[in-house]
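*Asks:* Dropping a structure here in structure tokens format, bear with me for questions.
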Amino acid sequence: MKWAHKDLIGIQELTAGEIGHILDMASSFKEISKRDIKKVPTLRGKTVVLLFYEASTRTRLSFEIAAKRLSADTTALSQAGSSFSKGETIMDAASNVMAMAPDCIVIRYPHAGIPRKMAEFLPCSVINAGDGYHEHPTQALLDMYSLKERFGSLKGLNVAIVGDIMHSRVARSNVYGLTRMGARVTLVAPKTLLPPGVETWNARVSTELDPVIPSADAVMMLRVQMERLNERFFPDIREYSTFYGLNRKRVEAMKDGAVIMHPGPMNRGVEITHDAADSARSIILDQVENGVAIRMTLLYLSLGGAANVD
Amino acid sequence: MWINGGTIFDPSSGTARVGDIQVKDGLIEGVHPGGAGGARAGAVDAKGLWVLPGLIDMHVHLRDPGFEYKEDIVSGSRAAAAGGVTAMACMPNTDPVNDNPSVTRYIVQKAAERALVRVLPVGALTKGLKGTELAEMGLMKEAGIVAVSDDGKSVESAAMMRRALEYAATFGLPVITHCQDRGLSGEGVMNEGSLSSRLGLGGIPAACEDVVVARDVLLSGYTGVPVHITHLSTKTGLDIVRQARKSGVKVTCDATPHHLLLTEERTGGYDTDAKMYPPLRTEEDRRALLKGLKSGVIDCIATDHAPHAKDEKDLDFDLAPFGIIGLQTLLPALMLLHREHALDFMDLLKKVTVNPAGILKVEGGTLSPGARADIVLFDPGKEWVLNEGAVLSKSKNTPFLGMKFTGMVVRTIVAGRTVFAA
């Protein structure tokens with residue numbers, strides 16, 4: 001398949017065929033990370049700049065390792081604070097980075113829309129590493145990869161996504177991707193954390209977790225952002241974890257072979273208990289491992305690396 | 001001055017007839033349907049043109065004093081003149097706020113000395129627009145305000161709003177209300193709905209506006225003080241106004257050209273020139289507003305001209321300020337409504353002339369003999385494209401850039417003096 005995209009801004013813009021292609025390719029990239037010498041020359045001479053305007057450890061590290069395993073040069077720039085109302089605007093910052101001729105910019109940004117603006121504006125590839133609560137495409141791809149790895153196919157899988165759907169880019173990207181690949185998604189949250197217009201999404205919605213658990217092939221728990229507590233979307237952690245937390249009892253109600261996922265970082269004791277997080281059903285660390293392979297694939301596709309990955 | 005051979009629209013009588021107009025000493029001396037006869041040297045040839053009373057825009061932000069880098073009284077008046085607007089009511093959210101007679105006097109004096117069109121200051125309802133203490137409405141009225149409003153903010157407390165209505169009525173000042181429940185709008189930046197969720201942008205629900213529309217209508221009914229709701233944007237808000245009016249509440253309202261012409265879809269590309277309060281709503285809301293225009297529930301069309309500098313609007317959608325400019329495109333936008341939605345032009349014209357004049361209790365909006373000679377010559381068939389270079393406002397933040405309009409202002413006359421000629 002010839003890759004037609006300069007950028008990756010959201011899952012919304014990918015076809016099922018393209019998603020399938022990425023997931024297929026990722027397997028060969030995953031193999032590289034298992035080698036003794038975890039490096040191929042594919043992107044030698046290419047420069048990847050990681051612009052992270054929001055706290056991130058996993059995603060940033062994952063992109064950096066992915067780029068390095070493909071022999072690209074990487075530079076990471078993190079900016080403390082997120083408001084550019086004073087000082088340099090993000091588009092100025094992007095132009096300055098562009099003047100140094102990178103081949104790809106990976107951007108994480110606290111507000112929606114900026115990666116797309118940058119992609120329209122800059123000649124280099126732009127990969128969205130999460131923008132506001134718009135999209136987080138590489139996370140959804142690594143989630144889909146992890147599910148496919150476990151179940152062989154995404155078609156017909158029941159995936160429950162539980163928690164703060166309203167403010168979640170991970171949930172959005174996963175709904176777009178999973179449904180495009182033939183999975184059925186059920187979103188579970190109190191009404192205060194369901195996004196406006198959710199009834200128009202290609203997903204079932206439930207305000208109760210227990211009835212959803214037995215039929216789910218995968219239960220994806222979203223992180224509770226503690227700052228939402230102050231905004232009174234729910235009364236307190238005790239009540240939240242009682243109704244929407246994944247605990248031992250709920251894990252036991254899951255069907256055979258069903259898995260537990262979490263995009264991280266976890267709040268143990270809030271949306272997920274220790275025994276759920278560490279249970280045999282958990283594929284949380286597989287997700288992290290697969291993240292590197294997915295990001296290698298996307299860097300490769302976006303930068304048009306040499307066809308030979310050996 | 002004679003203006004000969006144009007189609008003279010007089011919204012005060014609802015007539016449109018070809019004829020000549022004589023202007024003398026800043027007033028309309030005579031109107032001669034069919035022509036006054038005889039060739040006159042120096043007469044303005046208006047053949048093929050529409051001759052309209054100058055428009056009255058009852059909602060603009062001139063940013064003066066305090067934010068002159070966005071706009072000032074002079075540049076704003078230039079944009080107004082180019083849009084056929086000969087009088088505009090400027091909102092008090094300046095720095096300092098127009099909540100005392102010194103600021104009012106500054107505006108009145110600067111306008112008298114340098115503005116090309118009439119500037120009608122609107123004073124604050126409450127000091128500093130803070131919603132806690134009444135502003136000096138009486139003294140400001142003596143200094144020249146025509147109305148009061150805390151525009152940009154809603155008076156949060158219903159008790160304060162009630163007092164403000166009653167106090168304003170003491171001085172016969174019209175009250176203009178911007179309806180927004182701060183708690184409900186929260187961090188929202190566009191209309192709340194499936195589109196805001198897809199874009200990952202915070203939503204401003206229609207209810208955020210409607211609850212305050214309902215409150216202010218109820219308070220108006222209770223106190224008997226008329227209230228004018230500005231930039232109404234929702235179907236439900238409109239229903240509330242219609243119902244209230246049926247039961248005798250003295251409530252009037254206006255809508256903006258952008259809410260009548262655009263929808264939230266325009267926000268899809270994260271274009272900050274489509275970010276304003278209230279936000280662009282759904283097609284259903286827009287259709288309701290168009291109906292409201294036709295049925296007369298919407299009394300006026302006002303621009304909410306809100307200039308912001310390029311570097312402010314160049315920020316992320318979440319961080320960029322709310323507001324777009326509109327003075328220069330008011331009349332072309334009316335023409336678009338007339339052509340695309342089969343709205344009667346005379347009826348539209350009333351909503352930017354006699355109706356706002358009546359609500360604000362100011363002169364203008366008519367071409368009857370003896371009236372102020374505030375006149376616009378409009379070429380109804382002229383096609384043009386709005387490009388940035390043509391924008392006379394200091395700020396260029398408009399979603400209409402690049403849009404093709406039919407109908408262009410060719411001359412604007414204020415008190416008998418030509419202040420704009422294309």
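The values are calculated or read from the model by the stated rules, or taken from the named source; none is laboratory data. These numbers come from a predicted model, not from an experiment. Here Cβ is always computed from backbone atoms with ideal geometry, including for glycine, and neighbour counts include all displayed protein chains. Heavy atoms of the whole protein, side chains included, go into the accessibility calculation; ligands, DNA and RNA do not. Shrake-Rupley method; radii C 1.70, N 1.55, O 1.52, S 1.80 Å.
*Asks:* Looking only at residues that are open to solvent by less than 10 Å² (accessible area, probe 1.4 Å) and assigned to a strand (DSSP E or B) in region B:247-259, which one is farthest from the other protein chains (Cβ to nearest Cβ)?
*Replies:* If we take residues in region B:247-259 being open to solvent by less than 10 Å² (accessible area, probe 1.4 Å) and assigned to a strand (DSSP E or B), then B:V251 is farthest from the other protein chains (Cβ to nearest Cβ).
*Asks:* Condition (residue is touching an Asp or Glu at 6+ places or on another chain (Cβ under 7 Å), open to solvent by less than 20 Å² (accessible area, probe 1.4 Å) and under 24 Å from A:A129 (Cα atoms)) applied to region A:244-252: is it met by at least one residue?
*Replies:* no
*Asks:* Looking at region B:276-320 only, could you name the residues that are away from every other protein chain (no Cβ under 11 Å), in a loop (DSSP other than H, G, I, E, B) and either aromatic (F, W, Y) or open to solvent by less than 10 Å² (accessible area, probe 1.4 Å) (or both)?
*Replies:* B:M276, B:Y277, B:P278, B:P279, B:L280, B:R281, B:I298, B:A302, B:T303, B:A306, B:P307
*Asks:* Something else: Given (1) within 18 Å of the chain's Cα centre (by Cα); (2) farther than 25 Å from B:D45 by Cβ, identify the lone condition not met by B:F317.
*Replies:* The failed condition is (1).
*Asks:* Next up: Just need a number here: residues in region B:260-275 that are open to solvent by less than 10 Å² (accessible area, probe 1.4 Å) and either more than 14 Å from chain A (Cβ to nearest Cβ) or part of a loop (DSSP other than H, G, I, E, B) (or both).
*Replies:* 3
*Asks:* Right, another one. Mind listing whichever residues of region B:321-342 are under 15 Å from B:T406 (Cβ atoms) and either within 14 Å of chain A (Cβ to nearest Cβ) or in a loop (DSSP other than H, G, I, E, B) (or both)?
*Replies:* Hit for region B:321-342 is B:A342, nothing else.
*Asks:* So, restricting to helices (runs of 4 or more DSSP H) that lie completely within region B:44-155, which ones have at least 2 residues that are open to solvent by 40 Å² or more (accessible area, probe 1.4 Å) and either among the acidic types (D, E) or touching a helix residue (DSSP H, G or I) at 6+ places or on another chain (Cβ under 7 Å) (or both)?
*Replies:* B:101-114, B:137-143
*Asks:* When you go through A:I283, A:I260, A:I294 one by one, which is the residue that is open to solvent by less than 60 Å² (accessible area, probe 1.4 Å), closer than 30 Å to A:V48 by Cβ, in contact with a strand residue (DSSP E or B) (Cβ under 7 Å, 6 or more places away or on another chain) and of a type in the set (A, V, I, L, M)?
*Replies:* Only one candidate passes the filter, namely A:I283.
*Asks:* Also: State all residues of region B:195-226 that are in contact with a strand residue (DSSP E or B) (Cβ under 8 Å, 6 or more places away or on another chain), assigned to a helix (DSSP H, G or I) and within 14 Å of chain A (Cβ to nearest Cβ); if no residue qualifies, say none.
*Replies:* B:S196, B:S197, B:L199, B:A206
*Asks:* Within region A:10-32, can you find the residues that are surrounded by fewer than 22 Cβ atoms within 10 Å (Cβ to Cβ), farther than 12 Å from A:N290 by Cα and of a type outside the set (A, V, I, L, M, F, W, C)?
*Replies:* Correct list: A:Q12, A:E13, A:T15, A:G17, A:E18, A:G20, A:H21, A:D24.
*Asks:* Which numbered condition trips up A:T75, out of (1) open to solvent by 10 Å² or more (accessible area, probe 1.4 Å); (2) at pLDDT 95 or above; (3) part of a strand (DSSP E or B)?
*Replies:* Only one criterion in (1) open to solvent by 10 Å² or more (accessible area, probe 1.4 Å); (2) at pLDDT 95 or above; (3) part of a strand (DSSP E or B) is unmet by A:T75, namely (2).
*Asks:* Which condition number does B:K396 fail, the rest of (1) assigned to a strand (DSSP E or B); (2) in contact (Cβ under 8 Å) with a residue 24 or more places away in the chain being met?
*Replies:* Only one criterion in (1) assigned to a strand (DSSP E or B); (2) in contact (Cβ under 8 Å) with a residue 24 or more places away in the chain is unmet by B:K396, namely (1).
*Asks:* So if I check each of A:R108, A:R150, A:R116, which one is within 14 Å of chain B (Cβ to nearest Cβ), open to solvent by 10 Å² or more (accessible area, probe 1.4 Å), touching a strand residue (DSSP E or B) at 6+ places or on another chain (Cβ under 7 Å) and of a type outside the set (G, A, S)?
*Replies:* The conditions single out A:R108.
*Asks:* Given (1) crowded, with 16+ Cβ neighbours inside 10 Å; (2) part of a helix (DSSP H, G or I); (3) touching a helix residue (DSSP H, G or I) at 6+ places or on another chain (Cβ under 9 Å), where does B:V376 come up short, assuming only one miss?
*Replies:* (2)
*Asks:* Another question, then. Just checking, does region B:384-395 include any residue being of a type in the set (D, E), over 20 Å from the mean Cα position of the chain (by Cα), at pLDDT below 95 and exposed (fewer than 15 other Cβ atoms within 10 Å of the Cβ)? Please lay out each step first, then the result.
*Replies:* Step one: list which residues in region B:384-395 are of a type in the set (D, E), which gives B:388.
When the remaining residues are screened for being over 20 Å from the mean Cα position of the chain (by Cα), the result is B:388.
Next, from what is left, pick out any that are at pLDDT below 95: B:388.
Remaining after also requiring exposed (fewer than 15 other Cβ atoms within 10 Å of the Cβ): B:388.
Yes, the conditions are met somewhere in region B:384-395.
*Asks:* For region A:175-211, how many residues are surrounded by fewer than 14 Cβ atoms within 10 Å (Cβ to Cβ) and within 12 Å of chain B (Cβ to nearest Cβ)?
*Replies:* Total satisfying the criteria: 3.
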